[in-house]
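*Asks:* I'd like to ask you about the structure that follows.
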Amino acid sequence: MARRLIEPPPPRGPLSERLFEALEGPPDEGLEAPGPIESVDPIADEDLQLALYLAYEIHYTGIRGVDERWEWAPSLLAFRAELERPFEAAVAELVEPAPADELAPVGAALQAIAAEDPGPPLSRYMETQGTLEQMLEHVVHRSAYQLKEADPHSWAIPRLPPRAKAALLEVQNDEYGNGSAERMHSVLFAGTMEALGLDGTYGAYLERLPAVTLATVNLMSGFGLHRRRRGATVGHLAAFEMTSSIPNRRYGNALRRLGFGREATHFYDEHVEADAVHENIAAWDLAGGLAADEPEVVADILFGARALLQIEARWASHLMASWERGESSLREPAAVPA
Ligand SMILES: [Fe+2]
Ligand SMILES: [Fe+2]
């Protein structure tokens, strides 16, 4: 994979339009905070999620034509805070507060939460009957996260106490290939994309990704980039690892059923075993270690786990519902201006 540089996507409404326009100019000039944002459904709000995605993306990648000093421009941070507010409130509405007796053994609580996954059976559907086109769409959606796999949770590393930090590093070391760039999970995913005839370049499909997909990544970027959400970051990662092994086996099976070989399935096969190990480290050493040292963030650990499952469920439902209607789950490419 080459260096990270994305093309600015076409805006999807007044917020993204105002933001993208300002980003083309000198850093910290011409961007006024929008004031309180009224959104009927912030999770599926195309304009809000794309603006927020770009505001976070500037921490991960270069954006063509955008001065890198924008990353810490006070006006961008103020603008971003306005975007975060309705999204955070919408996520909080989806997540029930943890009952008091759940807070003590956090590893066991996480296992119970993961076992109650509210999402539709997307991976089973893909394994048994998903079409090639649907599999390609699935991979394109997932590219928003998998091409920067592990990065959002890495923001938490310097913010954790020793036991939790050591556990997180143990997981992240595998995600980052244990010293080998070719084995890095984001690189394996780019390999899957290319084996399927897709473009594995970072950000190549941003324009096609709907708000609910961007929301899955914005959720973890938002947790990761705020120290006060370190509990949620840890809970998010723990629940992610705990719900990954079996679905990844099914996605690998889906690709084999569709006639693809090792090049395409390697990413998924790798996760079957790796995440069976990661789920224990993440639940007991990472989340349990953080809970023992900082009991005040336990409720947020469980919040992060539930938020992941709710937002993933929303995303998976979007895919299944689109396909049931016989439609693509991706956005149509915008017409190229003449
Ligand atoms: Fe991974
Ligand atoms: Fe993992």
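*Asks:* Around Phe267, what is the net charge, scoring Lys/Arg as +1 and Asp/Glu as -1 over all other residues with Cβ under 10 Å from its Cβ?
*Replies:* On the way: positive: Arg142; negative: Glu149, Glu263, Asp269, Glu270.
After counting each charged neighbour, the total is -3.
*Asks:* As a test of the definition: which semi-axes, in Å, follow for the chain when you take the square root of five times each eigenvalue of its alpha carbon gyration tensor? Largest first, please.
*Replies:* Working: eigenvalues 160, 135, 77 Å².
That gives 28, 26, 20 Å for the three semi-axes.
*Asks:* Which FRET efficiency value, to the nearest 0.05, is calculated for Glu324 and Glu38 with the Förster distance at 35 angstrom and r the Cβ-Cβ distance?
*Replies:* 0.70
*Asks:* Quick one: ranking His138, His59 by accessible area, 1.4 Å probe, largest first, what do you get?
*Replies:* Ranking His138, His59 by accessible area, largest first, yields His59, His138.
*Asks:* By the scheme Lys and Arg +1, Asp and Glu -1, what is the net charge of all other residues having a beta-carbon under 9 Å from that of Pro36? Provide the component values of the computation, followed by the final result.
*Replies:* Working: positive: Arg85; negative: Glu38, Glu82.
Here the charged neighbours net out to -1.
*Asks:* Can you work out the accessible area per residue across the range 1-89, with the rest of the protein chains kept in place, probe 1.4 Å, in square angstrom?
*Replies:* 49 Å²
*Asks:* So, one more: Please state the shape class of the range 154-232: rounded when a/c is under 1.5, otherwise prolate if a/b exceeds b/c and oblate if not, all from the C-alpha gyration tensor. Working shown, then result.
*Replies:* Working: a/c = 3.73, a/b = 1.34, b/c = 2.78.
In terms of gyration-tensor shape, oblate.
*Asks:* Continuing with this model, one more query. Please report, as a whole percent, how much of the solvent-accessible surface of the range 1-121 comes from carbon and sulfur atoms (probe radius 1.4 Å). Mind dumping the intermediate values first?
*Replies:* On the way: 3270 of 6240 Å².
Carbon and sulfur together cover 52 percent of it.
*Asks:* Let me ask something else. Can you give the translational diffusion coefficient of the range 100-255 in µm²/s, computed by Stokes-Einstein from the Kirkwood radius over Cα pairs at 20 °C and 1.002 mPa s? Before the final figure, lay out the partial values.
*Replies:* Working: Rh = 16.9 Å.
After rounding, the answer is 127 µm²/s.
*Asks:* Please state the charge dipole magnitude for the chain, taken about the Cα centre, from unit charges on C-beta atoms (+1 on K and R, -1 on D and E), reported in debye and rounded to the nearest 20.
*Replies:* Here the size comes out at about 540 debye.
*Asks:* Here is a follow-up. Which FRET efficiency value, to the nearest 0.05, is calculated for Asp28 and Leu169 with the Förster distance at 41 angstrom and r the Cβ-Cβ distance?
*Replies:* With a Förster radius of 41 Å, E is 0.75.
*Asks:* Treating the Cα atoms of the range 6-127 as identical point scatterers in vacuum, please give the log10 of the normalised Debye intensity I(q)/I(0) at q = 0.16 Å⁻¹, two decimals.
*Replies:* With no solvent term, the Cα-only Debye profile gives -0.84.
*Asks:* When 1/r is averaged over all different Cα pairs and the result inverted, which Kirkwood radius in Å belongs to the range 12-57?
*Replies:* It works out to 11.1 Å.
*Asks:* From the convex hull of the Cα coordinates of the range 67-106, what is the mean projected area in square nanometres?
*Replies:* That works out to 4.8 nm².
*Asks:* Cα extents of the range 190-338 along the three principal axes, largest first, in whole Å?
*Replies:* Principal-axis extents of the range 190-338 (Cα, largest first): 55, 38, 29 Å.
*Asks:* While we're on this one: Between beta-carbons, use under 11 Å as the cut-off and find the net charge around Ala55, counting Lys and Arg +1, Asp and Glu -1.
*Replies:* Net local charge, Ala55 excluded: -3.
*Asks:* Beta carbons within 10 angstrom, averaged per residue: use that to sort the peptides 230-239, 112-121, highest first. The partial results should precede the final answer.
*Replies:* Working: 230-239: 30.2, 112-121: 15.3.
In decreasing order of mean packing, 230-239, 112-121 become 230-239, 112-121.
The values are calculated or read from the model by the stated rules, or taken from the named source; none is laboratory data. Since the model is a prediction, treat every value here as computed from it, not as a measurement. Please note: Cβ atoms are built from the backbone with ideal geometry, for glycine as well, and neighbour counts cover all protein chains shown. Just so you know, the surface numbers come from the protein's heavy atoms only, side chains and all, with ligands and any DNA or RNA stripped out. Shrake-Rupley method; radii C 1.70, N 1.55, O 1.52, S 1.80 Å.
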